[in-house]
Amino acid sequence: MLEQIVEPLLIWYEKNKRSLPWREEPSPYHVWISEIMLQQTRVEAVKAYYARFIEALPEIKDLAECPEERLLKLWEGLGYYNRVKNMQKAAREVMELYNGKLPADYDKLLSLKGIGMYTAGAIGSIAFELQVPAVDGNVLRVLARLWGDDSDILKDKTKKAMGRRVMEFMPEDRPGDFNQALIELGATVCVPNGQPLCDQCPWDTVCKAYKEDLIDQLPVK
């Protein structure tokens, strides 16, 4: 499993990962902000908003104390304003409960306002190197095709089952890179729209959907 799945994926990721501002300094706060912004929004569109937001509110304390009018102005254009309102509520919880620092604990992250399983997994693995899954739509698609799994990926039980299965071969020493590699593979190769670039995939020799010509049938939604 290690030689077939983990090593080829990580080697591919090192060679092909995109240069993204939140990857340059993956502090817990930076990872959190980027992941909330990336919900429902394209990566290219997020870059400028992220830079402006971090410059204006460089610390969790700044986010917690920011007047709402200014906060919404910083978010203007990203839409789904509940995202940033919940983020501020969570920042205030962090100030009150954790001395202004996001906790290095998956369950505690999950308890914060607006942070779900995927975001908690992303922050935990990328910023704290916790061995926890970060299963978003990209990852669900990649895994459904890798395993030839026809479970409905929109169902919570499927997401949880795939998260548990990922844990079976997640490397202890590089969980953040592994999760980001899965996400990157789904975003740039095993794409959501159009034909996936299977000839560029590090898993072309082990992907069940590719070998059995099931690409167009998976994932099931």
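Every read-out reported here was derived from the displayed coordinates using simple, explicitly stated rules and does not represent laboratory data. Values in this document were obtained by computation on a predicted structure and should not be read as measured data. Cβ: placed from backbone, ideal geometry, glycine included. Neighbour counts: every protein chain shown.
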Rounded to 10°, Cα long-axis angle of helix 137-147 versus longest principal axis of the chain: 20
Unit Cα scatterers, Debye sum, segment 14-81: log10 I(q)/I(0) for q = 0.11 Å⁻¹: -0.26
Built amide H within the under 5 Å cut-off of V220, gap 5+: I153
Candidates Q131, Q39, Q180, ranked by Gaussian network fluctuation over the chain, Cα under 10 Å, top entry: Q39
Whole-number D in µm² s⁻¹ for segment 53-125, Kirkwood Cα-pair radius fed into Stokes-Einstein, 4 °C, 1.567 mPa s: 103
Rg in Å to one decimal, and Dmax rounded to a whole Å, for segment 178-221 via C-alpha atoms: 10.2, 27
Calculated Rg and Dmax of the chain using C-alpha coordinates, Å: 17.8, 55
Inter-label distance, nm, simple model (7 Å from Cα along the C-beta direction), K113/Q195: 4.8
Helix axis angle, 156-167 relative to the chain longest principal axis, alpha carbon, degrees: 80
22 Å Cα-Cα reach of K15 towards lysines, excluding residues that sit fewer than 8 places from it in its own chain: K47
FRET E, pair L214, K17, Förster distance 30 Å, beta-carbon r, rounded to 0.05: 0.65
Reciprocal mean inverse distance between Cα atoms of segment 118-214 - Kirkwood radius, Å: 13.5
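Relative to the Cα centre, what is the charge dipole magnitude of segment 17-108, using +1 at the beta carbon of each Lys and Arg, -1 at the beta carbon of each Asp and Glu, and rounding to the nearest 20 debye?
320
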Rounded to whole Hz, the Karplus (6.51, -1.76, 1.60) HN-Hα couplings of segment 194-211, x for glycine and proline: x, 7, x, 8, 4, 6, 9, 8, x, 10, 5, 8, 10, 6, 5, 4, 5, 5
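Under Stokes-Einstein, with the Kirkwood radius over Cα pairs standing in for Rh, what whole-number D in µm²/s applies to segment 121-166 at 20 °C and 1.002 mPa s?
This corresponds to a translational diffusion coefficient of 196 µm²/s.
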Within the chain: Cβ-based charge dipole about Cα centre, in debye rounded to nearest 20 (Lys, Arg +1; Asp, Glu -1): 600
K155/V206 FRET efficiency (R0 25 Å; Cβ-Cβ; nearest 0.05): 0.50
Partners for K113 among aspartates and glutamates (Cα-Cα distance below 13 Å; same-chain residues under 8 apart left out): E93
